[in-house]
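The values are calculated or read from the model by the stated rules, or taken from the named source; none is laboratory data. Please read these numbers as outputs of a predicted model, since none were measured by experiment. Note that we place each Cβ from the backbone using ideal geometry, even for glycine, and neighbour counts take in every protein chain shown. Please note that ligands, DNA and RNA were not included when accessible areas were found on the heavy atoms of the full protein model with its side chains. Shrake-Rupley method; radii C 1.70, N 1.55, O 1.52, S 1.80 Å.
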Amino acid sequence: MGLFDRLFGKKEEPKIEEVVKEALENLDLSEDTEAEEVSQEVAEVESSEEGLLEEEENQDTVEESLDSEPDVEVHQEKVEELLNSEEVTEEENTELLETVEENSSEVLEPETSQVEETVQEKYDRSLKKTRTGFGARLNAFFANFRSVDEDFFEELEELLIMSDVGVQVASNLTEELRYEAKLENAKKPDALRRVIIEKLVELYEKDGNYDEQIHFQDGLTVMLFVGVNGVGKTTSIGKLAHRYKQAGKKVMLVAADTFRAGAVAQLAEWGRRVDVPVVTGPEKADPASVVFDGMERAVAEGIDILMIDTAGRLQNKDNLMAELEKIGRIIKRVVPEAPHETFLALDASTGQNALVQAKEFSKITPLTGIVLTKIDGTARGGVVLAIREELNIPVKLIGFGEKIDDIGEFNSENFMKGLLEGLI
């Protein structure tokens, strides 16, 4: 079963047996109907009698509780008399006070349970702006057209581009819809609504090979993080450190963005906050030397996950490329098969600019996955489709919001459901 069918179900024509069954069920059988009406009336009488009995029981309960109030007042008066009595010792006074306080706290402070969000609820919440924006544009688009013509397809392509799915995705999808319209002889725009959503899902699904799983190792797993400043790269590392430590892993961070003092301080603060060690070097130190220290410490201390934060000076690509190549060589000197993941952090709110960054970084260093940040604050979540179609780099991690646990491994089914739910 394909991704679209798993998300939204197959569109099937009713079987002839079901049609016949429905027709038989709708036959006017007067005797059965009268019997049903009689049984319904009996049930109503019984339910009304039960309701009266419940009301009488509730009334008795209320009266009993009202009668018990003077007993509470008498009990409180006795406590006060005992407290003021000279015959009661100071120790007994203290015990009485503690008993009263415990009883009152049980009444005044009921337990409140916090409901934890499910993964799908996080996707639904964080994609609300994208879904609402795309849905509103799609609904307005269908309202403006009465027939399927060339203007319909041109306007649709423009709508898709505005939804940040990318020029290539918009162009490919529009061409496929032209073919589908001819094949199905579709005359009305609403006939193509489901097909549009189905094609968007198929574009993401491709050959069904998503490669979204993070390649954790039996021993040390080394993750290298790249991305321009301000996209949430360091924050994502800190949140992941918390997530993996909560899962029982030994985690270590490396602050290799040594030319920006704020980046080192920020990562060090995250390390203090989630209680994981952070390897740093002197100001303006060679990033590769800090990475080497981190790698050696990780091996010596039996670390499970080592996450390395790097600089993001995309405006000086030559220097950045040389720096990342050197870091890569140093990592392999200690663990030849590492880094096991090279993640590019992208701010979803930048839309097509995120796609440009992904293209540029993919030229600088091989990327194994993307960390998509700030998805909750933007209507541009469609950029995931553009990245998938144009670069074929899988999104592996996604940030849902500001809370420390608002990060998780990306799941295409959860994402597409959160993005397109309610549009069919």
Segment 121-163, residues that are among the acidic types (Asp, Glu) and within 15 Å of Ile196 (Cα to Cα): Glu154, Glu155, Glu157, Glu158
Listed residues Glu337, Glu325, Glu389, Glu360; which is in contact with a Gly (Cβ under 7 Å, 6 or more places away or on another chain) and not hydrophobic (A, V, I, L, M, F, W, C)? Glu389
Checking Val222 against (1) outside any helix (DSSP H, G or I); (2) touching a helix residue (DSSP H, G or I) at 6+ places or on another chain (Cβ under 7 Å); (3) at pLDDT 90 or above; (4) over 19 Å from Ile370 (Cβ atoms): exactly one of these is not met. Which one? (4)
How many residues of segment 274-312 are open to solvent by less than 30 Å² (accessible area, probe 1.4 Å), farther than 20 Å from Ala261 by Cβ and not β-branched (Val, Ile, Thr)? The answer is 3
Of the residues in segment 260-300 that are among the charged types (D, E, K, R) and over 33 Å from the mean Cα position of the chain (by Cα), the one that is farthest from Thr235 (Cα to Cα) is Glu296
Considering only segment 131-210, give the helices (runs of 4 or more DSSP H) lying wholly within it that have at least 2 residues that are more than 23 Å from Val356 (Cα to Cα) and open to solvent by 80 Å² or more (accessible area, probe 1.4 Å). 150-162, 167-184
Please find, among Val222, Val228, the residue that is open to solvent by less than 10 Å² (accessible area, probe 1.4 Å) and either in contact (Cβ under 8 Å) with a residue 40 or more places away in the chain or closer than 23 Å to Ser362 by Cβ (or both). Val222
Which residue pairs have Cβ atoms closer than 7 Å, lie 6 or more positions apart in sequence or on different chains, and pair a first residue in segment 312-336 that is farther than 15 Å from Ala298 by Cβ with a second residue that is part of a helix (DSSP H, G or I) and polar (S, T, N, Q)? Arg313/Asn319; Leu314/Gln357
